[in-house]
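*Asks:* Mind having a look at this structure? Questions to follow.
Read the figures in this text as sums done on the coordinates, not as results from a lab. Nothing here was measured: the structure is a model prediction, and the numbers come from that model. Using ideal geometry, Cβ is built from the backbone for each residue, glycine included, and neighbour counts are taken over all protein chains shown.
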Amino acid sequence: MKLSDVEFQGDGRKATFYYTAEQRVDFRQLIKDMAQAFNIRIEMRQIGLRQEASRLGGIGSCGRELCCSTWLTDYRSVSTSAARYQLLSLNPQKLAGQCGKLKCCLNYELDAYRSALKNFPKTDTQLQTEKGIAVFQKMDIFKEQIWYTYKGDWMNWHQLSLSSVNEIIAKNKKNEKVASLEEFSLELKATATATKDLIFENVVGQDSLNRFDQQKNKTNKNKKRRNRNKKKPRNNA
């Protein structure tokens, strides 16, 4: 067993020891020894790892105080499926909290992800095209975008909208194939519209490259004329 916290009663006649243990612990003799040593009533209370973290407190990876020690009172179980729904990497060092279990905050946005994923096709769904079979790579749930790639051409990913993917799947169910993913690619469409909107101007032709030299020549001529006028003798009438 591991003692984590001690709580004394206001009158000092009772002390509650909080501990964590993986198995059941027989602490009857320990209670007798501690009661004789402190001359008070002793109570041993076993708590879970999440309750231990809430009593000890601390700072989470987000930079704020632990939710369990500030406002969270309902300790729901957190499973790895919550991380899978949110497309998080299953890295235990990043997903685990100070209690050693999965972070409680993984459940905060889980319902929003589940409702958003209802409109998305399954990740094992393949797209049939004349160019080849396309397989799923990744998705952006809230932007409603999905990336697919052809089998054998794993380096080139094609960014498609959710509506385009559902359209291709509907055609495949009717035994119809689309020409290629490039027809529905968002990247190619964005590039095409950008090239149409571009207007190239002849910026160099607007001003002469020698405009500074010409100004210098004009200023030099004006200085020479002024000097000549100064050198001419004045006729006194």
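*Asks:* Which entries of LYS131/LYS173; LYS122/LYS171; LYS143/LYS171; LYS122/LYS174; LYS131/LYS171; LYS122/LYS143 show an alpha-carbon separation above 20 angstrom in the structure shown?
*Replies:* Values: LYS131/LYS173 18 Å; LYS122/LYS171 16 Å; LYS143/LYS171 23 Å; LYS122/LYS174 18 Å; LYS131/LYS171 15 Å; LYS122/LYS143 17 Å.
Table pairs above 20 Å Cα-Cα are LYS143/LYS171.
*Asks:* Are there any chymotrypsin sites (Phe, Trp or Tyr not before Pro) in the range 99-139 that are in a DSSP loop and have at most 15 other Cβ atoms within 10 Å? List them by number. Can you show the working numbers first?
*Replies:* Values: sites: TYR108, TYR113, PHE136; in loops: TYR108.
Sites meeting the loop and neighbour criteria: TYR108.
*Asks:* On to the next question. Hey, rough spin-label estimate for LEU3 and ASN107, points 7 angstrom out along Cα→Cβ, what's it come to in nanometres?
*Replies:* It works out to 3.2 nm between the two label points.
*Asks:* By a straight-distance test (C-alpha under 16 Å), which aspartates and glutamates pair with LYS138 as possible cross-link partners, with residues fewer than eight away in the same chain excluded?
*Replies:* By straight Cα distance, LYS138 reaches ASP124, ASP153, GLU187.
*Asks:* Here's something else I'd like to know. Quick check: pseudo-label points 7 Å beyond the Cα along Cα→Cβ at LYS177 and SER61, how many nm apart are they?
*Replies:* Reported label-point gap for LYS177 and SER61 is 4.4 nm.
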